[in-house]
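I have placed the structure first, in the form of structure tokens, so that the comments after it can refer back to it.
The values are calculated or read from the model by the stated rules, or taken from the named source; none is laboratory data. Remember, it's a predicted structure, so these values are computed and weren't measured experimentally. Methodologically, a virtual Cβ is constructed for each residue, glycine included, from the backbone with ideal geometry; neighbour enumeration extends over all protein chains shown. Note: accessible area is taken over every heavy atom of the protein model, side chains too, but ligands, DNA and RNA are not part of it. Shrake-Rupley method; radii C 1.70, N 1.55, O 1.52, S 1.80 Å.
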Amino acid sequence: MFRLEKPLLPPESGEEFQFPFATPYAIQLDLMRSLYSAVDQRQVGIFESPTGTGKSLTLTCGVLSWLRDYEAAVAKELVEKIDRLKEEVRRLEQETAIAVDWISGQFETLGIKKELGELKDLKELRDEYEKRLGELKVKSMKVKQRRFAKVRLKGKEEVNGETEKEVALGEDDFLVDDSDEEDSGKLEEDEDQLKFKPVQVIFCSRTHSQLGQVVNEVRRTEFGKQIRLTTLASRQNFCINPEVRKLRSNPLINERCLELQKKSGKATVVDEDQNTRKKRKVAQKCSFYNRQAIEDLKNDSLFEVQDIEELVTFANQEKACPYYATRAAIPDSQLLMIPYQNLLHRRTREQTGIDIKNAIIIIDEAHNLLDTISNIHSQEVTLEQLQQAKLHLSAYKTQYFARFSTTNLLKINQLLFVVSQLGKILDNLPKDVSFRMVETHELMTEGNFFNINLNEILQFSDKTRIAQKVHGFAQSVPAAQLQGPVRNRPVPKKSASGALKDYLKQLEHDVSKKGKKTESVEVVEQQNPEEKREFITNAIRPLLSFLECLAEDFDDGRILLTYNKDDKKKCTMKYLLLNPGARFQEILTSSRSVILAGGTMQPIEELTEQLFKSCQERVQVKSYGHVVPADAVLPLAIAKGPSGKELLFNFANRQNKELLNELSSVLSNICQVVPHGVVCFFSSYDYLDQFYNHLKQSDRLTKLEERKQVFREPRGSAQVEKILADYSKAARQWAGTQTGALMLSVVGGKLSEGLNFSDELGRCVVVVGLPYPNRTSPELVERMRFLDKTLQPPAGNEYYENLCMKAVNQCIGRAVRHIRDYASVVLLDTRYGSNDKIRKKLPSWISAGMQCVERYGQAHGSLVRFFKDKGKK
């Protein structure tokens, strides 16, 4: 990779950053300049900029300005350096021709010629790359012209005038291919070495809606006219095949999509007498999986900034799959917009085709990055899933036993043995214990498969796509066909190698009983073709995901075995990742620069300690205040209620009715003075329900509703949108006795993160207590123990406190969303005022102006004055 001789200096003005507004705020300009420098110096940047400060726009303008300047500087400096080295070679050759010590001169000349040759090769690759981009742009224009020229009849849905053709699959379609070619990827690697790889910006966020907002911000700038931007999403977001979209579930859509790409196999089944049996139609060829149409859509999307909805619209017009079009566009994109999973999970990243080498990684909404990495790399399987996986694999092996290669048969036998042993561990319920926590090597030893190479099994599964083929086989045969003699066979408890050998002998014995080895067991559809079978879920994929976790480093993972004596099928084993920093290291070392950004990044020390301990000299931290003036936010910490009762909302006081009365009095008083919308967050759904029932039983709910309409966050997600719409309508009302609305919500619930309670929707945010998680949770206990062991005490306790404060900070961030907004933030618990450590973990724009009051009466006066002043403006 070509390195510039001098660092790039960040622009001085918003105009040079192509900021779409005339004059950026001071913190916006500083953030763009700091980001620019961090990327240029290959640093790790952690930026805290409150929601409402234009963070996404600032990030994109800063990084794309650097990318523009860098590419221009490289092109210029490359030509200058080649010319300089040419001149140096000519000078040295002339000096060597007349020098006495010509050997030393010749050696120096050879070194410079080698460097010159490498630079010429690089320039040639760059020129070829630019030429190819020009050709793609021409093709893109042709696609646009063709699309605009088409005359489409209203309501026409046929795909190029044709309907989808059914493809009949025979049993050969489910047979795994040989996977002995160890160097199959070598040719592709050699070809990659000959390609020019420009610096790529990878922008990562939590949800597709957040990524869509960033895409719209890019479109507002001048960069939107020239940047090659691609948004990646799942098949569930991109699929335009109406039959597949009906499945709704992402795993089912994935399976169906892969099925529809299969080539036509044998359309018939032949019995042992060579008589042709009936055809079995099990799949349709997807008409949207058209390589030329996908290529055209890719070229079109590269040279026009499009969000997911627009790309899907154009894909429907072109009759091309947007999922595969965006994947094909990855290498030529300058800016990739991707969800967390595609970046943070190595296997997903590689399967998607994302290359992070020398890339600029921007992770937005990074306040929960540690937990996100841990969750992505954790996997849970149930006993029922293990039993289904064993059943399907056993029937599949029996069907194709005579046709497997030696290598494939060995891997399938090993996979069968492992799933059988895992099922046996869960099936044996221990006495008087509801869970067990074991290390990875302990689980593998207990299951007698510690000497089996799980990585080889996973590689075999990837190459042969066995999860898809076994699943397709299981769907294609009658349910009775899956009930083989191997279903509930016990596995002998011996040494690992001995147990595996005995198990394989039993499998071969079953096959020999069913028929000779030279014959394969026929699979003929016996059931009524009109009768629809219940869809069989893929039990192999969760198994392989769990084995992938087991194949990782033994030291930073644990397995939680949870037993259910009432229903054994619900027994689970879950892999827990305890060291997210280890999984982040590859991203950190391969990329050029990593930028973490969020509205509330506190506490930052946790991030630097766990993710960047090995490179703390690279870390640059910037925490910005809010763009709103200081008097636009009124933060209050209240220790006692109106009657003098201490507000201590800990677990011991959950059933305290006096405390519930005091809380209802506080909320009633707040609703009297705060106009429009009030959002109150509780520590859990249970406590919210308890408080709500208390309001109804004590008749206090009626008094509250005299002033504001009361809404409650539902546990399920089905009603959230309707309740939000109703709340928004009520909160904006300002007439009569009932003015505004009160929303009772839950910390960490559906309304505490990612939603916008700006202006009238959130004039006051109330947080009840400190939402500490359950300290007796097996997962939490193990994580705290691991942190104390690896980072020294009190790292575990710090993690416990940080979980709480990050949740509080997210609730606070729901209000004050733009420069003209204003709100009050009320923290109800005596610990907010008495504990300096807790206050330091609040956002700086809150802690700086925090008023810690002893009695509610003092806070009430501040609230009255605050909203009276705002009402005059």
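Below is a table of values for the structure above.
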item: Where the Cα pairs of the range 619-665 fall when distances are cut into 10 Å bins, in %; result: 20, 31, 17, 24, 7
item: Whole-angstrom gap from the range 378-393 to the range 320-368, using each part's C-alpha centre; result: 30
item: Rg over Rh [alpha-carbon atoms, Kirkwood Rh] for the range 366-462; result: 1.04
item: Filter on K55/K837; K424/K570; K144/K319; K197/K225; K640/K750 - keep pairs with C-alpha separation over 25 Å; result: K55/K837; K640/K750
item: The range 28-86, relative contact order in percent, only Cα pairs under 8 angstrom and at least six apart counted; result: 41
item: In Hz, Karplus ³J(HN,Hα) per residue of the range 63-80 (6.51, -1.76, 1.60; θ = phi - 60°; x = Gly, Pro); result: 6, 6, 5, 5, 4, 4, 5, 5, 5, 5, 5, 5, 4, 5, 5, 5, 5, 5
item: Dipole magnitude (debye, nearest 20) for the range 707-807, charges at Cβ of Lys, Arg, Asp, Glu; result: 320
item: Surface accessible to a 1.4 Å probe, S209 within the full protein complex, Å²; result: 80
item: Cα shape, the range 533-580, gyration tensor, a/c 1.5 rule; result: oblate
item: Cα centroid of the range 561-605 to Cα centroid of the range 802-818, whole Å; result: 21
item: Extension gain, A718 back to D699 (0.36 nm per residue minus Cα-Cα distance, nm); result: 3.9 nm
item: Cα shape, the range 289-334, gyration tensor, a/c 1.5 rule; result: oblate
item: Ranking by accessible area, most exposed first, for Y400, Y289 with a 1.4 Å probe; result: Y289, Y400
item: Hull-based mean projected area of the range 651-730, where the convex hull spans the alpha carbons, in square nanometres; result: 5.5
item: Distance from the range 415-452 to the range 77-146 (C-alpha centre basis), Å; result: 60
item: Efficiency of FRET from Cβ geometry, S844 and K131, R₀ 45 Å, rounded to 0.05; result: 0.35
item: In order through the range 842-856: 3J(HN,Hα) via Karplus (6.51 cos²θ - 1.76 cosθ + 1.60), integer Hz, x for Gly, Pro; result: 7, x, 4, 6, 9, 5, 5, x, 5, 9, 9, 10, 7, 10, 4
item: Value in Å of the Kirkwood radius, where the range 555-692 supplies the Cα pairs that are averaged; result: 20.8
item: Alpha carbon convex hull of the range 664-780, projected area averaged over orientations, nm²; result: 7.9
